[in-house]
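One structure is given here, and the rest of the page talks about it.
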Amino acid sequence: MDVTGDGRPDRVAAASDPGAAKPCRGFVGVRASGGGTYFVHLIPAAVPIKGIRARIVGAPRLGQRPGAEIVVDTGAAVDAVLAQMFTFSHGRLRAVRVPDQPDGSFIVEGGGLIYPRGAGCTSAGRLLLSRAAQTADRKHFRVVRRTYGLAPDGLRLTALAAKQDTVPLRRLGERFPEFVGPHWTACESTRA
């Protein structure tokens, strides 16, 4: 996958040492095809727990910038894929700030059967973060889908729109594919 934006594939990896002190428990790194190695640690609030390893779970192309972003499953959630997003910007690998998320992490999938969450993207390179709640009659989900655009510097996402809808239980994944995955197909140029 090309994360530096030079059109050539780069090597991307996540590494973890759950026994290390925070924030040194998890890292994401890039060996650029044009030379150079870059790395940054995962945010301390969402580092892998003992017995779990961080892993790359996506390489979406967001915004109009060349190169892909890196989505890392931090392994810090029991019933969900809790992720952080990273980008290569201004010659460095950096974390992308996700709005409405207190520590910058977000759930790609999980949260249980009653309150599922999902993440995905649009073909226009926008991030989708959705959450649902089962209604009292247990026949529908109330869904809130937020759409974010990547700022030109690639370091933060900006809220663009919020949509609310109620859908029958069995139609959740059909109407909102970010709940069922694959999560990055609409904007991923290469498989992670």
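For segment 66-92, name all the residues that are open to solvent by 10 Å² or more (accessible area, probe 1.4 Å) and within 17 Å of Asp6 (Cα to Cα).
Pro66, Phe88, His90, Gly91, Arg92, listed by residue number.
Name the pairs: first residue in segment 146-162 and more than 14 Å from Thr87 (Cβ to Cβ), second residue modelled with pLDDT of 90 or more and of a type in the set (Lys, Arg), Cβ to Cβ under 7 Å, at least 6 apart or on different chains?
Close Cβ pairs satisfying both conditions: Thr147/Arg126; Ala159/Arg146; Leu160/Arg126; Ala162/Arg146.
Please state which of the following conditions Gly5 fails to meet, knowing it meets all the rest: (1) under 20 Å from Asp103 (Cβ atoms); (2) open to solvent by less than 30 Å² (accessible area, probe 1.4 Å); (3) of a type outside the set (A, V, I, L, M).
The one condition Gly5 does not meet is (1).
Name the one entry in Gly63, Gly51 that is open to solvent by 20 Å² or more (accessible area, probe 1.4 Å) and within 24 Å of Ala159 (Cβ to Cβ).
Answer to the selection: Gly63.
Enumerate the pairs (first residue in segment 8-32 and closer than 17 Å to Gly75 by Cβ; second residue anywhere and part of a loop (DSSP other than H, G, I, E, B) and acidic (Asp, Glu)) with beta-carbon separation below 8 Å, excluding pairs fewer than 6 apart on the same chain, so at least 6 apart or on different chains.
If the second residue must be part of a loop (DSSP other than H, G, I, E, B) and acidic (Asp, Glu), the pairs left are Cys24/Asp17; Arg25/Asp17; Gly26/Asp17.
Every residue, every condition in (1) of a type in the set (Phe, Trp, Tyr); (2) under 12 Å from the mean Cα position of the chain (by Cα), yes or no:
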position	(1), (2)
Val40	no, no
Val47	no, no
Val57	no, yes
Thr74	no, yes
Tyr115	yes, no
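All but one of (1) under 27 Å from Ala95 (Cβ atoms); (2) open to solvent by 20 Å² or more (accessible area, probe 1.4 Å); (3) not basic (Lys, Arg) hold for Gln134; which doesn't?
(1)
Scan segment 79-93 residue by residue and report those that are within 24 Å of Val40 (Cα to Cα), over 14 Å from the mean Cα position of the chain (by Cα) and not hydroxyl-bearing (Ser, Thr, Tyr).
Phe88, His90, Gly91, Arg92, Leu93
The values are calculated or read from the model by the stated rules, or taken from the named source; none is laboratory data. Worth saying up front: this structure is predicted, and the values here are computed from it rather than measured. As a convention, Cβ positions derive from the backbone with ideal geometry for all residues, glycine included, and neighbour counts pool all protein chains shown. In case anyone asks, the SASA skips ligands and DNA or RNA and just uses the protein heavy atoms, side chains included. Shrake-Rupley method; radii C 1.70, N 1.55, O 1.52, S 1.80 Å.
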